Amino acid sequence: MLKISNISKRFGRIDALKNIDLEIEQGEFFGLLGPNGAGKSTLMDIIIGYHKPDTGTLFFENEIIIPEKLVTRYKFGYVPQEISLYQELSAHQNLKIFGSIYKMSSKELDRKIAKVLELVKLSERKNDTVKDFSGGMKRRLNLAASILHDPQIILCDEPTVGIDPQSRNAIFDMLHQLNQNGKTIIYTTHYMEEAERLCSKLAIIDEGKIIANGSLNDLIKLSEKRETIRVRKTSGIISKADFLKSLGDVIELDYYFEIRTEEKGKQNSELFLNLEKEGIPPELIELRKSSLEDVFLNLTGRSLRD
Amino acid sequence: MKIIFNLLLKDYIRYFNDKPAILITFAVPIVLIIIFGSIYGGGGSPRGKVKIIFVNESNNEISKIIEAKLDSSSMIQLVKKYTPENEKTPTFIDEEKAKQFVREGKRSAALILPNDFFADTSSSLKFKFFYDPKNEIESQIIQASIQQTIMMQISDLLPVLMQRKARDLLGGEEAEKFKNKLGSVIGEYFDVSADTIVDAMTNFKPGSSSGFSSSDSNETNILSDIIKFESEQLVGMEISNPGVTRIVGGWAMMFLLFTLTATATSLFEEKQEGSLKRLMCMPVKRSHILWSKYIFSISLGVVQLFTMFIFAWLFYDVDIFSNFLNLLIVVIASASAAVAFGMIITSFAKSINQASGIATLIILVMSALGGSWFPIVFFPEWIQVIAKGTITYWSVEAFLQVLWRQADFSAIALHVLILFSTAFIVNFYSLIRFKSGKIF
Ligand SMILES: Nc1ncnc2c1ncn2[C@@H]1O[C@H](COP(=O)(O)OP(=O)(O)OP(=O)(O)O)[C@@H](O)[C@H]1O
Ligand SMILES: [Mg+2]
């Protein structure tokens, strides 16, 4: 449905994107996972035609996209990473203004507005000004304003940044519902849990390059040979950091020390014993299976941090 | 087209949601036009006269006539007495006191007619005038009124002064011959009896405004005709409030520049809040956005100016209706040029603060140079040349043509052409700038 071919983009001295190739099929929930500055937003901006790529071509349904013709703009809905709304106007006024850009009768627009307000659960607050909304509500309206015209593809650039788990779940549900109704969704995030939970297809992007691409299972296989032991950081544990680091390949994450091992079984039980001898309570120790986090770690040698 | 219309609608909705912005665009011009209108002569109520000190130490008839004339002037009011400290009854101001009052800033000027103002033997009039030019307009009013009053007495005095001058130069006997000869020559050629002339040159009879009153008027008008001061106002006779009519155009253009620069730089705010990016990711072109901004700004400018004009009309009777179409053309041309100015600043600036800072500076300079604040004839020649390079100049001149001269379109065609073509060229350039600028 959407084919991204050999896209590169430089900003001054920064290579934001390097020869990106991706294909997104109709009906997919496509995740683009990558750390800050990886180039996710830049790629989204290029897909929607906000930025021009230095090289490469985009195809939509096998036709080259020419942004100036605005054709795809009617078929794509873009949810910008930043809240992009008229803050001093009401939710309803915002939707009315943005919706009026698309070719719709005002009756149809009113119907659509009522529908999306229902979807994002803001019907009751529709006459309140946006600047008085909570972060989560703004995020939901930010999404609503992008889907008024019934787009075929919805591009969501980190739509859950900086909001509480409840609003986050609400947005997940909405996107899931939209996907169920046949919308293709491209979703960027740097939360691997989100990517794991939502996406049927995934690409991992780092420093402007796609480093892995496939279904969740395909990707997890890339790090299957690894298993990790995590020790939760508490004030008591932090004082034992030196001991932990002596145990081998140890990475300090925000909330954990992570001990990586090559083999399974024997070596791990030995490690558990050592930890217990040092007086580290077993409740703080957990054995983890591979996740996207490990895939990223494996591929880049760095962790995907929040 | 529909997109532009919808974006335009968006700007209006946003604008009418922004109460402080409305207040600034409408209330400020209204309040200022009312205040400044009252200074430049307002609302039919008599303006304050300029007060000057007047000391008459002469007993001469002419001095009394001048005093009476000045007393009845509509421009100035004579202050002749003051009440010294610790006393109840006012006394006449003398020359020393007059000087002191001017020095201390109590009054701007003092006119003294000294006791030798016009003695029996004087061949000239003697005045003393002390002033403090702290206020240009005031000084000019005073000097103009005094000169006018004195000029009117000159034709009565001229023959006498001439004769006395001759006596000074030629000595008594020769002067007597000169007088008689002159009398007979004038009498011969102008069909007046020589005695009348000689008499007039010898004995001054003040107050006879027609020159010589001894004979019938036909005969004596001849000498008073020597100085004939004919003044006739050619422009603006029918204008009921010249002061306000002259300044209103200057203010208009300044407000346009400030308001419309603000609407242009609001693109920065829209970028900041992200709404601009959202639009750019919708089926909207940059040109749609710029056109809607442009039309919004011009229409806002037109509404703002007409609000101000309507107040000028209500309060000061400024006639905006008899040349309405041309006024509208000038307003639209000025607004176009003002938005173009705002757009070019916006396309160059890196932030809204930079944009408004630079814009404010340039607007103030253009307003000063271009004649928004005072007529540019006050400037040296070379600055007047530079002034013609400002859009303010062309706008202010066009407003003057339309409101003050009630001129028809041919008189403003050049101004309007210059304003529109400046707008066109500047916009074209800012469009190019926007492509590589910070906003889009
Ligand atoms: N307009 C721009 N001018 C200059 N550099 C830019 C611009 N936009 C992005 N960049 C740079 O390009 C790189 C990729 O940025 P991008 O915003 O695409 O990252 P991202 O993956 O979306 O990150 P985040 O998770 O923080 O949103 C970064 O190094 C960024 O500094
Ligand atoms: Mg981003």
Expected field for A:Asp249, accessible surface area in Å² at 1.4 Å probe radius, rounded to 10, holds 80
Rounded to the nearest 10 Å², the 1.4 Å probe accessible area of A:Lys9 is 30
Projected onto their principal axes, the Cα atoms of the protein assembly as shown stretch, largest extent first, over whole-Å spans of 148, 59, 47
Too long for a 22 Å Cα-Cα cut-off, among A:Lys131/B:Lys438; A:Lys138/B:Lys10; B:Lys271/B:Lys293, are A:Lys131/B:Lys438
Computed for segment B:242-435: size of charge dipole around the Cα centre, +1 on C-beta of each Lys and Arg, -1 on C-beta of each Asp and Glu, debye to nearest 20, value 840
Along the dipole axis of the protein assembly as shown (charges at Cβ: +1 for Lys and Arg, -1 for Asp and Glu; origin at the Cα centre), the most positive-end residue among A:Ser223, B:Leu113, B:Gly37 is A:Ser223
Neighbours of A:Met104 by Cβ distance under 12 Å: Lys/Arg at +1, Asp/Glu at -1, summed charge +3
Per-residue accessible area, 1.4 Å probe, largest first, puts B:Phe296, B:Phe130 in the order B:Phe130, B:Phe296
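Quick one: accessible area per residue over chain B, 1.4 Å probe, rounded to a whole number of Å²? Working shown, then result.
Numbers: 22430 Å² over 440 residues.
Value for chain B: 51 Å² per residue.
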Given the candidates B:Val377, B:Pro283, B:Ile344, the one whose Cα lies deepest towards the positive end of the charge dipole of the protein assembly as shown, counting +1 at each Lys or Arg C-beta and -1 at each Asp or Glu C-beta, is B:Pro283
When every protein chain stays in place and a 1.4 Å probe is rolled, A:Met174, B:Met280 sorted by accessible area with the largest first are B:Met280, A:Met174
Cross-link reach from B:Lys179 to lysines, straight Cα distance under 21 Å and at least 8 residues apart if same chain, gives B:Lys165, B:Lys205
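Could you look at chain B and say what percent of its accessible area is carbon and sulfur, using a 1.4 Å probe and all protein chains?
61
Convex hull over the Cα atoms of segment B:115-164, averaged projected area in nm²?
Details: hull surface 16.0 nm².
Value for segment B:115-164: 4.0 nm².
Quick check on my link table: of A:Lys40/A:Lys183; A:Lys40/A:Lys126; A:Lys18/A:Lys183; A:Lys40/A:Lys75, which ones sit more than 25 Å apart, alpha carbon to alpha carbon?
Working: A:Lys40/A:Lys183 20 Å; A:Lys40/A:Lys126 31 Å; A:Lys18/A:Lys183 28 Å; A:Lys40/A:Lys75 20 Å.
Table pairs above 25 Å Cα-Cα are A:Lys40/A:Lys126; A:Lys18/A:Lys183.
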Between chains B and A, total accessible area buried, probe 1.4 Å, no ligands or nucleic acids, nearest 100 Å², roughly 2300
In nm, the gap between the two label points placed 7 Å beyond Cα toward Cβ at A:Lys131 and B:Asn353 is 1.9
Taking Lys and Arg as +1 and Asp and Glu as -1, residues besides A:Gly56 with C-beta under 9 Å from its C-beta add up to -1
Computed from every Cα-Cα pair in chain A, P(r) in 10 Å bins starting at 0 and rounded to whole percents is 6, 24, 28, 22, 13, 6, 1, 0
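Roughly how big is segment B:233-331's charge dipole about its Cα centre, with Cβ charges of +1 (Lys, Arg) and -1 (Asp, Glu), in debye to the nearest 20? Please list the in-between numbers first.
Numbers: 7 positive and 6 negative charges, 133 e Å.
That gives a dipole near 640 debye.
Only four residue types carry charge here, +1 at the Cβ of Lys and Arg and -1 at the Cβ of Asp and Glu. Report the dipole size of segment A:139-232 about the Cα centre in Debye, rounded to the nearest 20.
Computed charge dipole of segment A:139-232: roughly 180 debye.
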One would report the antiparallel percent of DSSP beta bridges in the protein assembly as shown, rounded to the nearest 5, as 60
For B:Lys51, counting only lysines whose alpha-carbon sits under 28 Å away and dropping same-chain residues fewer than eight positions off, the answer is B:Lys64, B:Lys69, B:Lys80, B:Lys81, B:Lys88, B:Lys97, B:Lys99, B:Lys106, B:Lys126, B:Lys128, B:Lys134
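At 1.4 Å probe size, with the rest of the protein present, what percent of the exposed accessible area of chain A is carbon and sulfur atoms?
Of the solvent-accessible surface of chain A, carbon and sulfur hold 47 percent.
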In nm, the gap between the two label points placed 7 Å beyond Cα toward Cβ at A:Gln180 and B:Asn17 is 3.3
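Could you work out the Kirkwood radius for segment B:375-440, taking every pair of different alpha carbons, averaging 1/r and inverting it, reported in Å?
Details: mean 1/r = 0.0725 Å⁻¹.
Its Kirkwood hydrodynamic radius stands at 13.8 Å.
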When the charge dipole of chain A is computed with +1 at the Cβ of Lys and Arg and -1 at the Cβ of Asp and Glu, the Cα pointing farthest to the positive end, of A:Tyr78, A:Asn213, A:Ser246, is that of A:Tyr78
Excluding residues fewer than 8 positions from B:Lys49 in its own chain, the aspartates and glutamates with Cα under 12 Å of it are B:Asp71, B:Glu138
Filtering chain B for DSSP H helices with an axial alpha carbon extent of at least 24 Å and a Kyte-Doolittle mean of at least 1.0 returns B:286-316, B:324-348, B:352-370, B:409-436
Averaged per residue, the 1.4 Å probe accessible area of chain A, protein heavy atoms only, in Å², is roughly 46
Diffusion coefficient in µm²/s returned for chain B by Stokes-Einstein, Kirkwood Rh over C-alpha pairs, 4 °C and 1.567 mPa s, is 48
Looking at segment B:276-303, residues buried by 10 Å² or more relative to their chain on its own, accessible surface at probe 1.4 Å, turn out to be B:Lys277, B:Arg278, B:Leu279, B:Met280, B:Cys281, B:Met282, B:Pro283, B:Val284, B:Lys285
log10 I(q)/I(0) for segment A:39-155, Debye formula on C-alpha points only (no solvent), q = 0.14, 0.20 Å⁻¹, two decimals, reads -0.61, -1.08
Largest first and rounded to whole Å, the semi-axes √(5λ) derived from the alpha carbon gyration tensor of segment B:242-435 read 30, 18, 15
Probe 1.4 Å, all chains present, heavy atoms only: B:Leu169 accessible area in Å², nearest 10, is 140
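What number comes out for the charge environment of B:Ile432, summing +1 per Lys or Arg and -1 per Asp or Glu over other residues with Cβ under 15 Å away? It would help to have the intermediate numbers written out before the result.
Numbers: positive: B:Arg286, B:Arg433, B:Lys435, B:Lys438; negative: none.
Net of charged neighbours comes to +4.
The values are calculated or read from the model by the stated rules, or taken from the named source; none is laboratory data. Please read all numbers here as calculations on a predicted model, not as lab measurements. Neighbour counts run over all protein chains shown; Cβ positions are idealised from the backbone, glycine included. Note: accessible area is taken over every heavy atom of the protein model, side chains too, but ligands, DNA and RNA are not part of it. Shrake-Rupley method; radii C 1.70, N 1.55, O 1.52, S 1.80 Å.
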